[in-house]
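The values are calculated or read from the model by the stated rules, or taken from the named source; none is laboratory data. Everything numeric here is computed off the predicted structure, so don't read it as measured data. Because the Cβ atoms are built from the backbone with ideal geometry, glycine has one as well, and the counts that use them run over all protein chains shown.
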Amino acid sequence: MTVVALHRIAQARSGDKGEGSNVGLIARSEAAYQFLKEHLTAEVVQKHFAAINHGGVERFVADNMRVLNFLLEDSLGGGGSASLITDAQGKTHGLALLRLRMDVPDQVLDATPDPATASV
Amino acid sequence: MTQGKEMIRVANGQGFWGDSILGAVRLTEEGPLDYLTLDYLAEVTMSIMQKLRSRDPQKGYATDFVALIDRILPRMVEKNIKVIANAGGVNPHACKDAVMEVLKKHGQTGIGVAVVEGDDLMGDLDSLMASGEEFKNMDTGERLAAVRDRVTSANAYLGAFPIAEALDQGAQIVITGRGTDPGLVLGPMIHEFGWKADDWDRLAAGTVAGHIVECGVQCTGGNYTDWQTIPNMAMLGYPIIEVHRDGSFVVTKHDGTGGRVDRATVTHQLAYEMGDPAHYITPDVIADFTSFTMTEEGPDRVRVAGVKGLPATHTYKVSMSYADGWKSVGQLTISGPDALAKAKLCADVVWARLAYDGFEYSEAEKLVEFVGAGVCHAGTLEAGAPEPAEVVLRLGVKGPDKGKIARFGSELVPLVTSGPPGVTGFAGGRPKATEIIGFWPALMDKSKVETRVSLFQS
C-alpha cells in the first residue's frame, strides 16, 4: 500500500447543478476504477468537502465510462447569481477531489499509468 | 423527411453566452461540415433579454449571432452548411428580421430562415396557473405563487422535434428560443434520418452526442485534467459528430486543429454537469449514459455505440427567473509581509466602520475570502503551505435592501489610506449593488405548450 493523491489514479471534471455541484471522477484504469468504486464512498467525499459543501453527498456509478459521479448538494454559496463566492460554479471542485490522499494497493498503482510520466 | 444520407456531420461552435466567435468561424473553414449548432442562452440570459425587450421591442435576442452570420455567410452558402441557434432569446422574430437584413446586404436570396416558438410562457403564466399548473420549485417544493409578482422570465425547455420540423420545411438557418442544448444537435438527425418520436434508443444516442459537444472544446482537451498533454491549446479543434442512420456516431475534430479526442477527453465532458447517469431526462427521451460503449478507432476518433433510451416524460422543464434581492462584491490586493494577517485586519475594519454607521450584516449575508490563501479548495489542502506573497481580499454582501447593500461598497477603497500598508488593486473603483436573479425550476404538462414553426425566405 502507498499513500497517493487521487490524481495519481483518477481524473476529474466538475460543474454546477443548481445550488450544488457535481464532481465526475474518471478512473485512469479498470483496476483503479474497481478500487475507487469500493473505497471512495459518498461518506469519504462528504468528509473531504466538509469546508466547501454544506449539504449531503450522493454517489452514482457508470461502469462503461469508469466514472464515479458525486453530487454535492450545497457547495456554491447559494448558486446562480445569488452566490458571492469565487467558485460559484464549482469549476474547481474536481481538482479539489484529486487532492484527496488514499492508501492504494501497489497492484492498482502498477496497473495504472502515472500521469507524471505522460507527455505531449 | 428522409433525405437518404447515411452519415452527417454535426458540430457545435458556441457553448455558452459569451463564448468566443472563433469556434463557429473556424468550424466553417477548417473542414467538411453539414450542421453548425450554436448555444447562446444561459439561465440568467433570459431575464436580461426580457428586460431589454421591455425597453425596446426590437431587442431581446443574441445580437452576437447576427454578427456571426454576417461573417460566415459566404462559407455557409459555398458548403451548404445549415445553422441552428437558440439565438432568438425572448424575441426570435426580431432576431430573424436582423438576420434577413444581413442576407439582403450580401445579396443572398432564397435562403430559408425558420423561427421556432412556444417556449416563452411569460404572457401565459397566470392562465396556466389558473388551469392548475402550480409550477412547484423542483428543489424546494414551494409553489410559484410565493414569488409570482417578482417573476422576470419563464421559458419551457423545448425538444428537438420543432427543429427537425423547421429543417423539413427547408430552412438553412433555424432560430429558436429556449430549448435543451442536446436538442440543437438531435434535431438535424431526426430530420435527416426520419427518426420517430418513439425511436427511444436513437433519440438517446443523439442526446448523448449533443451532450458531448454542447460545451464546445470541453470534449477535445479544454478544461482537461492532464492539461500538460494537450497539444496546441490556442487552436483546440471544435468537436464534430459523425452520426449514422442507426444512431451510432464518432466524435472527432477537423484535421490539423489542436487538442485531442480520445476516451479520456470525451469522458471528461460526459461527466460534466451530470446527475443520475442512467436517467438523463430531456423532453425527447430519457437517455441512459451507462448503456453505451466507447472505442478509440483511430487518432482523434472515438466511436460511441449501443446507447439505450427510455420513453420521454409527459412534462417540460420550465426555467423561471425572479428578482431575489441585491448583492455587491469588491476586492483589494494586499501585499506581504504578513499579507494574510493584514487582509484579515482589513476585513474586520470594513465591517466595524459599517457597523459604526448603522449597517450590520449577518454571517449569511456576508462574504470574506482571502484569494491566494486557499479559497477554492478550502479544507482539502495539506497543512504547512507557505505564507502567500500577497492575497486578494474579496468582500461581499447580499440582502433584500438595495440601500444597505450599496452602502457597503463605499467602505472598501478608503482602506488604501486608512488600513495597514501594502493595500492596492482598487482599479475597479467602488463596487455597485447589482440585482440577484433567482431561478425557479419547475415541471409542467407538455400538452399545454404549443410549439410553432414558421419559415421565411430571403
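Within the stretch A:18-57, work out how many residues are surrounded by fewer than 19 Cβ atoms within 10 Å (Cβ to Cβ) and of a type outside the set (S, T, N, Q). Write out each step before concluding.
Looking only at the stretch A:18-57, we keep the residues that are surrounded by fewer than 19 Cβ atoms within 10 Å (Cβ to Cβ), and these are A:18, A:29-31, A:34, A:37-39, A:41-44, A:46-47, A:50-51, A:54-56.
If we keep only those that are of a type outside the set (S, T, N, Q) as well, we get A:18, A:30-31, A:37-39, A:42-44, A:47, A:50-51, A:54-56.
Qualifying residue count for the region: 15.
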Exercise. Give the residues of the stretch A:58-83 that are surrounded by 20 or more Cβ atoms within 10 Å (Cβ to Cβ), more than 8 Å from chain B (Cβ to nearest Cβ) and without any contact (Cβ under 8 Å) to a residue 40 or more places away in the chain, sorted by residue number.
Key: A:SER83
Exercise. Working only within the stretch B:238-292, note down all residues that are under 20 Å from B:GLY15 (Cα atoms), without any contact (Cβ under 8 Å) to a residue 24 or more places away in the chain and surrounded by fewer than 22 Cβ atoms within 10 Å (Cβ to Cβ).
Key: B:GLU273, B:GLY275
Quiz item: Looking only at the stretch B:337-385, which residues are of a type in the set (D, E, K, R) and either within 11 Å of chain A (Cβ to nearest Cβ) or in contact with a strand residue (DSSP E or B) (Cβ under 6 Å, 6 or more places away or on another chain) (or both)?
Solution: B:LYS342, B:GLU365, B:LYS366, B:GLU369, B:GLU382
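Can we say B:HIS211 is out of contact with any Gly (no Cβ under 9 Å at 6 or more places or on another chain), buried (at least 22 other Cβ atoms within 10 Å of the Cβ) and not aromatic (Phe, Trp, Tyr)?
Values: out of contact with any Gly (no Cβ under 9 Å at 6 or more places or on another chain): yes; buried (at least 22 other Cβ atoms within 10 Å of the Cβ): yes; not aromatic (Phe, Trp, Tyr): yes.
For B:HIS211, the condition - out of contact with any Gly (no Cβ under 9 Å at 6 or more places or on another chain), buried (at least 22 other Cβ atoms within 10 Å of the Cβ) and not aromatic (Phe, Trp, Tyr) - is met.
Using the structure shown, decide if A:THR86 is facing chain B (nearest Cβ under 8 Å), touching a residue at least 24 places away in the same chain (Cβ under 8 Å) and surrounded by fewer than 21 Cβ atoms within 10 Å (Cβ to Cβ).
Details: facing chain B (nearest Cβ under 8 Å): yes; touching a residue at least 24 places away in the same chain (Cβ under 8 Å): no; surrounded by fewer than 21 Cβ atoms within 10 Å (Cβ to Cβ): yes.
When the stated conditions are applied, A:THR86 does not pass them.
Across the stretch B:27-81, what is the number of residues that are in a helix (DSSP H, G or I), among the acidic types (Asp, Glu) and closer than 25 Å to B:LEU236 by Cβ? So that I can check it myself, show each step before the final result.
Of all residues in the stretch B:27-81, those in a helix (DSSP H, G or I) come to B:27-29, B:43-55, B:63-79.
Then keep just the ones that are among the acidic types (Asp, Glu); that gives B:29, B:43, B:64, B:70, B:78.
Next, only the ones that are closer than 25 Å to B:LEU236 by Cβ stay: B:29, B:64, B:70, B:78.
Number satisfying all stated conditions: 4.
Quick one: in the stretch A:89-112, which of the residues that are at pLDDT 95 or above and in a loop (DSSP other than H, G, I, E, B) is farthest from the other protein chains (Cβ to nearest Cβ)? Talk me through it step by step, then tell me what you get.
Keep residues of the stretch A:89-112 that are at pLDDT 95 or above, which gives A:90-112.
This time we only want the ones that are in a loop (DSSP other than H, G, I, E, B), so: A:90-92, A:99-100, A:105, A:111-112.
Details: A:GLY90: 10, A:LYS91: 8, A:THR92: 4, A:ARG99: 5, A:LEU100: 7, A:PRO105: 22, A:ALA111: 16, A:THR112: 13 Å.
Ranking the qualifying residues of the stretch A:89-112, first place goes to A:PRO105.
Report yes if B:ALA24 is in contact with a Pro (Cβ under 9 Å, 6 or more places away or on another chain) and in a helix (DSSP H, G or I), otherwise no. Even if it seems obvious, please write down each step before you answer.
Details: in contact with a Pro (Cβ under 9 Å, 6 or more places away or on another chain): no; in a helix (DSSP H, G or I): yes.
Here the answer is no, as B:ALA24 does not meet what is asked.
If you go through the stretch B:409-437 one residue at a time, how many are of a type in the set (Ser, Thr, Tyr) and assigned to a loop (DSSP other than H, G, I, E, B)? Reasoning before the result, please.
Looking only at the stretch B:409-437, we keep the residues that are of a type in the set (Ser, Thr, Tyr), and these are B:410, B:417-418, B:424, B:434.
Next, from what is left, pick out any that are assigned to a loop (DSSP other than H, G, I, E, B): none.
Of the residues in that region, 0 qualify.
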Exercise. Could you tell me which of the residues B:GLU30, B:GLU43, B:GLU6 is touching a residue at least 24 places away in the same chain (Cβ under 8 Å), among the acidic types (Asp, Glu) and within 14 Å of another protein chain (Cβ to nearest Cβ)?
Key: B:GLU43
Quiz item: Limited to the stretch B:121-136, what total is found for residues that are at pLDDT 95 or above and within 23 Å of the chain's Cα centre (by Cα)?
Solution: 2
Quiz item: With (1) away from chain B (no Cβ under 11 Å); (2) buried (at least 17 other Cβ atoms within 10 Å of the Cβ); (3) under 20 Å from B:ALA378 (Cα atoms) as the list, and A:ILE9 as the residue in question, which single condition is left unmet?
Solution: (3)
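Among residues belonging to the stretch A:1-44 that are acidic (Asp, Glu) and free of Cβ contacts under 8 Å to residues at least 40 places away in the same chain, point out the one that is nearest to B:ILE212 (Cα to Cα).
Taking the stretch A:1-44 first, the residues acidic (Asp, Glu) are A:16, A:19, A:30, A:38, A:43.
Add one more test, that the residue is free of Cβ contacts under 8 Å to residues at least 40 places away in the same chain, and what stays is A:38, A:43.
Numbers: A:GLU38: 28, A:GLU43: 30 Å.
So, considering only residues that are acidic (Asp, Glu) and free of Cβ contacts under 8 Å to residues at least 40 places away in the same chain, the one nearest to B:ILE212 (Cα to Cα) is A:GLU38.
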Quiz item: Looking at (1) over 24 Å from A:VAL57 (Cβ atoms); (2) in contact with a Gly (Cβ under 6 Å, 6 or more places away or on another chain), which is the one condition that is false for B:GLU273?
Solution: (1)
